[in-house]
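> Below you will find the structure I want to go over with you.
The values are calculated or read from the model by the stated rules, or taken from the named source; none is laboratory data. None of the values given here were measured: they were computed from a predicted structure. Cβ: placed from backbone, ideal geometry, glycine included. Neighbour counts: every protein chain shown. To get the accessible areas, we keep the full protein, side chains included, count just its heavy atoms, and leave off ligands, DNA and RNA. Shrake-Rupley method; radii C 1.70, N 1.55, O 1.52, S 1.80 Å.
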2 protein chains.
Amino acid sequence: MTAASIDTLDALEKRDPAERERALMARLPQLVARAQQAPGWARILKGVDARAVTSRAALAALPLTRKRDLKALQLRELPFGGLNATAARQLRHVYISPGPIYDPEGLGQDWWRFSRPMYAAGVRAGGLLQNCFSYHFTPAAFMVEGGAARIGCAVIPAGAGQTEMQVQAMADLRPDTYVGTPSFLRIIIEKAQAMGADISSVQHALMGAEALPESLRAWFRDNGVPHVFQTYASADIGSVAYETATAGVLNPGMVVDEDVIVEIVRPGSGEPVAPGDIGEIVVTVFNHDYPLIRFATGDMSALLVDAQPSACGRTNVRIRGWLGRADQITKVRAMFVYPAQVINIQRRHPDILKARLVVTGRMANDVMTLHCEVAQPLPPERIEAIVASIRDVTKLRGEVKLEAPGTLLDDGKEIEDRRDYN
Amino acid sequence: MTAASIDTLDALEKRDPAERERALMARLPQLVARAQQAPGWARILKGVDARAVTSRAALAALPLTRKRDLKALQLRELPFGGLNATAARQLRHVYISPGPIYDPEGLGQDWWRFSRPMYAAGVRAGGLLQNCFSYHFTPAAFMVEGGAARIGCAVIPAGAGQTEMQVQAMADLRPDTYVGTPSFLRIIIEKAQAMGADISSVQHALMGAEALPESLRAWFRDNGVPHVFQTYASADIGSVAYETATAGVLNPGMVVDEDVIVEIVRPGSGEPVAPGDIGEIVVTVFNHDYPLIRFATGDMSALLVDAQPSACGRTNVRIRGWLGRADQITKVRAMFVYPAQVINIQRRHPDILKARLVVTGRMANDVMTLHCEVAQPLPPERIEAIVASIRDVTKLRGEVKLEAPGTLLDDGKEIEDRRDYN
């Protein structure tokens with residue numbers, strides 16, 4: 001990419017970090033007070049003096065609200081568990097995510113704050129993007145709609161099916177950008193190749209909702225889509241953090257959105273970890289309609305520390321991206337094993353297409369085996385190298401078992417606990 | 001419905017008809033001039049002096065542009081055949097309807113003018129509707145989005161699948177209105193009955209994209225949805241005409257939209273028929289981005305004449321609704337037979353669930369048979385009554401053949417010409 005990607009959506013992204021921090025802290029009392037107008041937050045934040053929540057320490061003293069508890073909260077009080085500060089019928093949309101979990105969208109422009117990740121991915125006024133998230137029941141496609149409207153980019157509302165029509169639309173309408181899941185773009189490209197269709201106009205892609213392995217990012221580069229970006233967002237929060245590039249080269253980490261406060265906490269405790277340590281992502285969102293205060297996502301990440309300022313000019317803190325689910329953290333021989341460690345091991349060995357750590361045995365006699373999908377059998381020294389990485393990363397002994405591609409379950413689990421607890 | 005349905009979206013709908021006519025005619029020169037800025041219309045309207053198009057007679061002298069020719073026009077000049085007055089990348093959306101036909105949507109609020117049919121169907125600010133048109137590639141769902149945003153009604157973007165989730169959303173969120181096809185609402189209601197789910201909040205339905213037989217409207221009434229309205233719209237024009245009700249009783253005909261001029265013409269000629277005669281619907285649309293001048297839809301209807309002013313207070317002309325496809329008009333024994341006549345015959349006989357007129361034989365020896373799906377065999381006198389209706393309506397002799405439900409093809413054809421032309 002060229003100079004266009006060095007600029008940012010607005011000046012907020014280039015603020016002095018201390019100025020940003022002051023501004024965020026100054027907004028906290030109003031956010032807490034607004035939340036307390038909603039019956040659900042009034043219960044959760046009972047006795048909290050909103051005026052006193054003016055620092056990260058004061059924020060960290062507030063209770064967590066866990067994403068995994070949303071369903072129970074909502075069943076008690078439909079549709080939003082009383083966490084909405086705007087009445088359901090004053091909203092623009094009501095969504096149903098699997099669960100079902102109900103999610104609101106208010107009337108404000110770019111309500112999900114998706115223009116930032118989209119701008120960082122190269123979406124511009126006068127452009128055309130093909131929106132391949134589903135528009136039905138879930139909000140991802142409308143996050144893209146809101147961002148495109150703010151930026152002034154036209155949209156092909158394509159959804160996540162009808163692959164041949166996707167290819168024909170790209171060939172005829174020549175969009176510059178794909179937005180959707182990584183797996184569906186791969187399906188589209190393979191279909192275009194089979195049809196002999198020219199979809200080379202698509203130079204940018206903004207990916208979400210699925211992990212994007214570096215091997216797949218390389219595959220996109222090799223198959224005509226050089227500028228591939230990830231965003232970390234969710235159906236309740238909207239945009240949390242996003243990748244950026246400078247002169248066509250991806251910058252490290254994901255830049256945090258201007259309207260959220262991210263904490264990384266020790267799962268289960270709510271207590272912030274030391275900067276750079278892996279922990280659960282907890283998000284506080286400055287949203288007038290659906291304020292979220294210390295919302296525990298269940299996703300793992302870490303702050304990027306010791307890094308140079310991002311070459312893109314954005315000054316906000318960065319996180320390392322998605323490092324697995326908090327609920328997969330497992331104790332093996334008295335040591336914690338984190339999904340992020342499995343991802344870390346996998347990244348050190350390009351031979352591994354996909355990996356899953358399986359823990360078996362009875363308690364106190366745990367066996368840890370890293371199942372690795374590989375394209376072809378590996379020579380013993382490469383297997384030894386993986387065993388060494390396991391020891392290096394987890395401080396535990398583990399075995400390696402090679403598997404044919406497609407063997408491991410596609411359920412997003414890095415760690416599977418098969419121990420017999422009886 | 002109550003007093004709420006007697007009012008209208010705005011005062012335009014209650015204008016003095018002469019005032020409306022003057023206003024529409026006064027807008028024509030500007031519309032034609034705007035269209036002539038687009039290369040496609042510049043070709044079609046070559047030599048036309050926009051300033052002189054100030055009357056229905058002057059409009060009727062302009063050439064027709066047929067919907068069925070759009071694909072060829074677009075293939076010559078992607079994506080819109082040069083009929084768009086706003087550049088593709090300055091639009092909000094680009095759609096792909098089956099064909100494929102590309103359709104634009106500009107940035108203006110309620111671009112498809114759907115707030116009028118929605119308001120007439122009882123959609124109000126502070127309401128909640130379940131939008132069961134598909135959002136993928138085609139524009140119907142976004143017509144609803146635009147209308148809901150203008151009115152201030154919240155939307156569940158549900159799409160046209162996942163029936164169980166549709167039922168669950170209705171049971172939990174309690175929307176007041178369904179918008180979508182008639183057939184899908186029937187599927188949802190039957191699923192809710194099977195699940196024992198309470199979806200009684202849905203009291204209003206706005207239907208489009210499919211014919212709505214009166215028998216199905218009665219079925220909805222008998223199954224808990226008393227207020228069912230049809231709209232006539234298309235992916236290129238947006239809203240053309242819509243049903244209204246007063247005190248819960250449907251008014252005759254469909255009221256024409258405030259920003260279109262409807263002509264009813266003799267198919268093939270472009271020449272307006274006498275008021276009240278059946279002909280092809282030709283629409284001129286006051287749209288800044290995608291002006292359509294004498295756009296021949298291929299659909300048949302007729303102006304409603306000799307009727308009282310609509311009890312709803314709307315003063316615009318009304319049409320009789322969709323009366324079949326123009327391209328099915330057939331000549332039998334030197335007499336024209338119209339799809340609308342088949343619909344007319346069917347309406348006289350509640351026994352007929354579905355009908356299709358099949359013409360067979362060699363030229364000059366035509367045989368006309370009305371195939372009728374019926375729930376059970378009919379006694380001879382009822383068959384005789386149908387034969388009498390055929391003679392009465394078409395002035396031609398025809399036979400009746402009874403068929404089991406589900407026998408006739410579901411291809412929207414009222415008339416099928418099976419004659420041997422060799």
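> (1) at pLDDT 90 or above; (2) buried (at least 16 other Cβ atoms within 10 Å of the Cβ); (3) not basic (Lys, Arg): which one isn't true of residue B:414, the others all being true?
Residue B:414 satisfies every listed condition except (1).
> Here's a follow-up. If a residue has to be among the hydrophobic types (A, V, I, L, M, F, W, C) and open to solvent by 50 Å² or more (accessible area, probe 1.4 Å) to count, how many in segment A:159-177 make the cut?
The first filter runs over segment A:159-177 and keeps only residues among the hydrophobic types (A, V, I, L, M, F, W, C), leaving A:160, A:165, A:167, A:169-171, A:173.
Filter once more, keeping what is open to solvent by 50 Å² or more (accessible area, probe 1.4 Å): A:160, A:165.
Selection size over segment A:159-177: 2.
> Among the residues of segment A:129-149, is any acidic (Asp, Glu) and in contact (Cβ under 8 Å) with a residue 60 or more places away in the chain? Before the answer, list the steps.
Filtering segment A:129-149 for residues acidic (Asp, Glu) gives A:145.
From the residues that got through so far, the ones that are in contact (Cβ under 8 Å) with a residue 60 or more places away in the chain too are none.
No; the residues of segment A:129-149 include none that is acidic (Asp, Glu) and in contact (Cβ under 8 Å) with a residue 60 or more places away in the chain.
> Please work out which one of (1) under 25 Å from the mean Cα position of the chain (by Cα); (2) on the phi > 0 side of the Ramachandran plot; (3) open to solvent by 10 Å² or more (accessible area, probe 1.4 Å) is the condition residue B:180 fails and give its number.
Every condition holds for residue B:180 apart from (3).
> What are the residues in segment A:45-76 that are open to solvent by 50 Å² or more (accessible area, probe 1.4 Å), more than 14 Å from every other protein chain (Cβ to nearest Cβ) and outside any loop (DSSP other than H, G, I, E, B), if any? Full working, then the answer.
The initial filter retains those residues of segment A:45-76 that are open to solvent by 50 Å² or more (accessible area, probe 1.4 Å), namely A:46-47, A:49, A:51-52, A:54, A:56-57, A:61, A:63, A:66-69, A:71-72, A:75-76.
Now narrow it down to the ones that are more than 14 Å from every other protein chain (Cβ to nearest Cβ): A:46-47, A:49, A:51-52, A:54, A:56-57, A:61, A:63, A:66-69, A:72.
Once the filter is applied, which keeps residues that are open to solvent by 50 Å² or more (accessible area, probe 1.4 Å), more than 14 Å from every other protein chain (Cβ to nearest Cβ) and outside any loop (DSSP other than H, G, I, E, B), segment A:45-76 yields A:51, A:52, A:56, A:57, A:66, A:67, A:68, A:69, A:72.
> Could you list all residues from segment B:319-346 that are part of a loop (DSSP other than H, G, I, E, B) and over 20 Å from the mean Cα position of the chain (by Cα)? First the steps, then the outcome.
Initially, segment B:319-346 is screened for residues part of a loop (DSSP other than H, G, I, E, B), giving B:320-324, B:329, B:333-334, B:338.
Answer for segment B:319-346, where residues must be part of a loop (DSSP other than H, G, I, E, B) and over 20 Å from the mean Cα position of the chain (by Cα): B:333, B:334.
> Which condition number in (1) of a type outside the set (D, E, K, R); (2) in a loop (DSSP other than H, G, I, E, B); (3) open to solvent by less than 40 Å² (accessible area, probe 1.4 Å); (4) in contact (Cβ under 8 Å) with a residue 40 or more places away in the chain is the one that residue A:35 fails?
(2)
> Can you work out which of the residues in segment B:191-240 that are basic (Lys, Arg) and open to solvent by 30 Å² or more (accessible area, probe 1.4 Å) is farthest from residue B:102 (Cα to Cα)? Steps first, answer last, please.
Step one: of segment B:191-240, the residues basic (Lys, Arg) are B:191, B:217, B:221.
Restricting the remaining residues to those that are open to solvent by 30 Å² or more (accessible area, probe 1.4 Å) gives B:191, B:221.
Numbers: B:191: 35, B:221: 37 Å.
Only one residue fits best here, namely B:221.
> What is the residue count in segment A:129-141 for residues that are open to solvent by 10 Å² or more (accessible area, probe 1.4 Å) and either among the hydroxyl-bearing types (Ser, Thr, Tyr) or within 11 Å of another protein chain (Cβ to nearest Cβ) (or both)?
Taking segment A:129-141 and keeping what is open to solvent by 10 Å² or more (accessible area, probe 1.4 Å), we get A:133-134, A:136, A:138, A:140.
Checking which are either among the hydroxyl-bearing types (Ser, Thr, Tyr) or within 11 Å of another protein chain (Cβ to nearest Cβ) (or both) leaves us with A:133-134, A:136, A:138.
Number satisfying all stated conditions: 4.
> Collect the residues in segment A:264-288 that are closer than 15 Å to residue A:24 by Cβ, touching a residue at least 60 places away in the same chain (Cβ under 8 Å) and open to solvent by less than 10 Å² (accessible area, probe 1.4 Å), keeping them in residue-number order.
Selection gives A:282, A:284.
> Moving on to the next point. Does residue A:404 count as farther than 20 Å from residue A:324 by Cβ and either touching a His at 6+ places or on another chain (Cβ under 9 Å) or surrounded by 13 or more Cβ atoms within 10 Å (Cβ to Cβ) (or both)? Outline the logic, then answer.
Details: farther than 20 Å from residue A:324 by Cβ: yes; either touching a His at 6+ places or on another chain (Cβ under 9 Å) or surrounded by 13 or more Cβ atoms within 10 Å (Cβ to Cβ) (or both): no.
In short, no.
> With respect to residue A:282, determine if the residue is out of contact with any helix residue (DSSP H, G or I) (no Cβ under 6 Å at 6 or more places or on another chain) and part of a strand (DSSP E or B).
Values: out of contact with any helix residue (DSSP H, G or I) (no Cβ under 6 Å at 6 or more places or on another chain): yes; part of a strand (DSSP E or B): yes.
Here the answer is yes, as residue A:282 does meet what is asked.
> Applying the selection to segment B:304-360, what residues are open to solvent by less than 10 Å² (accessible area, probe 1.4 Å) and closer than 18 Å to residue B:282 by Cα?
Across segment B:304-360, the qualifying residues are B:319, B:321, B:323, B:324, B:339, B:340.
> Of all strands (runs of 3 or more DSSP E) completely enclosed by segment A:347-412, which ones contain at least 1 residues that are touching a Gly at 6+ places or on another chain (Cβ under 7 Å)?
Details: elements: A:354-360, A:367-373, A:399-403.
Result: A:367-373.
> Do we find that residue B:154 is at the interface with chain A (Cβ under 9 Å from one of its Cβ atoms) and in contact with a Lys or Arg (Cβ under 6 Å, 6 or more places away or on another chain) in this structure?
Details: at the interface with chain A (Cβ under 9 Å from one of its Cβ atoms): yes; in contact with a Lys or Arg (Cβ under 6 Å, 6 or more places away or on another chain): yes.
So residue B:154 fits the description; yes.
> Within segment B:11-26, is there a residue that is more than 24 Å from the chain's Cα centre (by Cα), farther than 26 Å from residue B:244 by Cα, at pLDDT 95 or above and buried (at least 17 other Cβ atoms within 10 Å of the Cβ)?
Scanning segment B:11-26, I find no residue that is more than 24 Å from the chain's Cα centre (by Cα), farther than 26 Å from residue B:244 by Cα, at pLDDT 95 or above and buried (at least 17 other Cβ atoms within 10 Å of the Cβ), so the answer is no.
> While we're on this one: Condition test on residue A:333, is it in contact (Cβ under 8 Å) with a residue 60 or more places away in the chain, charged (D, E, K, R) and under 16 Å from residue A:389 (Cα atoms)?
Working: in contact (Cβ under 8 Å) with a residue 60 or more places away in the chain: yes; charged (D, E, K, R): yes; under 16 Å from residue A:389 (Cα atoms): no.
It is false that residue A:333 is in contact (Cβ under 8 Å) with a residue 60 or more places away in the chain, charged (D, E, K, R) and under 16 Å from residue A:389 (Cα atoms).
> Every residue in segment A:147-158 that is over 22 Å from residue A:191 (Cα atoms) and buried (at least 24 other Cβ atoms within 10 Å of the Cβ), please. It would help to see each step written out before you state the result.
Quick first cut of segment A:147-158, residues over 22 Å from residue A:191 (Cα atoms) only: A:147-154.
Listed by number, the residues that qualify are A:147, A:148, A:153, A:154.
> Which of the residues spanning segment A:249-263 are open to solvent by 10 Å² or more (accessible area, probe 1.4 Å) and within 18 Å of residue A:59 (Cβ to Cβ)?
Result: A:259, A:262, A:263.
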